[in-house]
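Below you'll find the structure, written out as structure tokens, and then a few comments.
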Amino acid sequence: MNRKFLVVGLICMMVAFVLAGCGGGNSGGGNASKQNNSNTKNVSANPNNDSSKQEDIFTGKTLVVSAQSWIIDKWPLQEAAEKFMQDHPGVKVEVKPAPDKGEADAYILQWSQGTTNVDLALGGSPADISPYVAKDFLVEFDDAFFSKIGKDKFVQPLLQQGVFKGKQYSVPLLGEVISLNVNVDHMKEAGLVDANGQPLAPKDWNELYDFAQKLTKVENGKTVRYGLAVDWMTNFITLNYYSGLVGTNNGKFLLDDGKTIDFQSDKAKELLEFWQRIVNDGLTPTDGVIDVNAGRNALKAGGVSMLWTASSRAQESEAVLGEGKVVNVPLPGTDQYGSIVFTHGMYIPKYSKNVELAKVFIQEQLLDKYGQQWSATKFGKLPVITEYYNDLSPGIQSMLKVMEHSHSEPLYQEQAKITDLMHKQISYMLTEGQSVEQTMDNLSKGFADLDVHIVE
């Protein structure tokens, strides 16, 4: 009997000892909690849930991010850098402005020597990026990159802007689409709203002319408010021409060869006639021919009621005129056939020593919902992920519908020559009295004489 009691006692002591060692009861909770917190930290810092492998690789590295100055102002880039460094202790992210002039030349000079002082560049348009692709200077974004955010999650016309020779060399940071930015109060005053008080979208050029006429104000023989302004300066001359043509020409702005700009069709003539008519009838100012900021400044000041340009001008104007006072509506036909989109992308030089780190920074921060929506609500720079539109304003949501079936401008090797040609000839038509027919002929002949071709 004594032996039995002794054995039972020993067993009880062993069980108690094991339970204590396993953290049983309340007394062991602290150790378990610390372990769980540590595991959670590792998972959040590593999107692939590969323990701390990536963290070990990245520790001690510095990621240099170069961005055009306006992006630093209109994107929470520094905030993204700080958040990334918090999630990845031991990693440093340095943000610096890109050279505003000669950016392409500066990069090409570096990269042609097999060196780079930039790990990730932000702000490049397809035209900016194509020379780097031609020289094989950029890293491809392959299927592994898109395993975290699938390609199907992107606004497809925006994603396609980074495709060259069938490969993805750039990922969009933000998007823009050409539309009408309209003053809501002016539209209400003119009776150009629906039953819910929302501005109407013009169905064709005649209706847009009618809108402009009703919105224009003349006092004592002087125009105090124009109904419509058009950006005809710099590259907007081409963007606005393409957008005007694509919506009213069944989605086409090139000839059947897919390479030649349509300057001769009946629809092209109707567009140019519309532009000439609103100028001749005093419904639009012509300062947009020489000043790229004239239209946006006039919209903010209430000097124009509608502005034909990038959709972001609406949110810019809201900061001055008040929330909900400026919204986007589609140009004629673009609700059905799409408009013209353009992006500012993200690209990685092949000679970066931090390629994988740059990709993770893009995945975790630059494609994150917070930054995408922040830039959209403050500056109208449109998100590149479709689901991010779900809880944004109705005006921004309406632009998603237009973008999803929109088109990219054709990528010509010498785009500047085309822009100069169009600006010169259309300026003559708008301000010097050159006929529409002569303008069409000069544009067609001028384009044929230019040594330009589509970048494949």
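The values are calculated or read from the model by the stated rules, or taken from the named source; none is laboratory data. Keep in mind that this is a model prediction, so the values were computed, not measured. Positions of Cβ are backbone-derived with ideal geometry, glycine not excepted, and every protein chain shown enters the neighbour counts.
Annotations for the structure displayed:
- Any hit, the range 98-117, residues being within 20 Å of the chain's Cα centre (by Cα) and modelled with pLDDT of 95 or more: no
- Hits in the range 240-280 - residues which are within 27 Å of the chain's Cα centre (by Cα) and either surrounded by fewer than 19 Cβ atoms within 10 Å (Cβ to Cβ) or assigned to a loop (DSSP other than H, G, I, E, B) (or both): 249, 250, 251, 252, 253, 254, 258, 259, 260, 262
- The listed residues are 356, 437, 404, and the only one of them that is surrounded by fewer than 18 Cβ atoms within 10 Å (Cβ to Cβ), under 14 Å from the mean Cα position of the chain (by Cα) and over 22 Å from residue 234 (Cβ atoms) turns out to be 404.
- Any chance residue 203 is touching a Pro at 6+ places or on another chain (Cβ under 8 Å), among the basic types (Lys, Arg) and over 19 Å from residue 376 (Cα atoms): yes
- Listing of strands (runs of 3 or more DSSP E) fully contained in the range 144-231 that carry 1 or more residues being outside the structural domain of residue 304 (by TED's automatic domain parsing), surrounded by 15 or more Cβ atoms within 10 Å (Cβ to Cβ) and not small (Gly, Ala, Ser): 171-183
- Each residue in the range 380-401 was checked for being surrounded by fewer than 20 Cβ atoms within 10 Å (Cβ to Cβ) and of a type outside the set (Lys, Arg), and 10 pass.
- Residue count for the range 407-434 satisfying the condition of being touching a residue at least 40 places away in the same chain (Cβ under 8 Å) and surrounded by fewer than 18 Cβ atoms within 10 Å (Cβ to Cβ): 4.
- Residues that are farther than 12 Å from residue 182 by Cβ and either outside any loop (DSSP other than H, G, I, E, B) or in contact with a His (Cβ under 7 Å, 6 or more places away or on another chain) (or both) within the range 319-336 comprise 319, 320, 334, 335, 336, listed in sequence order.
- Of the residues making up the range 124-150, just one is free of Cβ contacts under 8 Å to residues at least 12 places away in the same chain and among the charged types (D, E, K, R), namely 143.
- The listed residue being closer than 26 Å to residue 197 by Cβ, in the same structural domain as residue 118 (by TED's automatic domain parsing) and among the hydrophobic types (A, V, I, L, M, F, W, C), out of 392, 366: 392
- Where a residue in the range 187-207 is of a type in the set (Asp, Glu) and its partner, wherever it lies, is assigned to a loop (DSSP other than H, G, I, E, B) and modelled with pLDDT of 95 or more, with Cβ under 7 Å and at least six apart: 194/200; 204/332
- Residues of the range 281-298 that turn out to be in contact (Cβ under 8 Å) with a residue 12 or more places away in the chain, outside any loop (DSSP other than H, G, I, E, B) and either of a type in the set (Gly, Ala, Ser) or out of contact with any Phe, Trp or Tyr (no Cβ under 7 Å at 6 or more places or on another chain) (or both), as a count: 5
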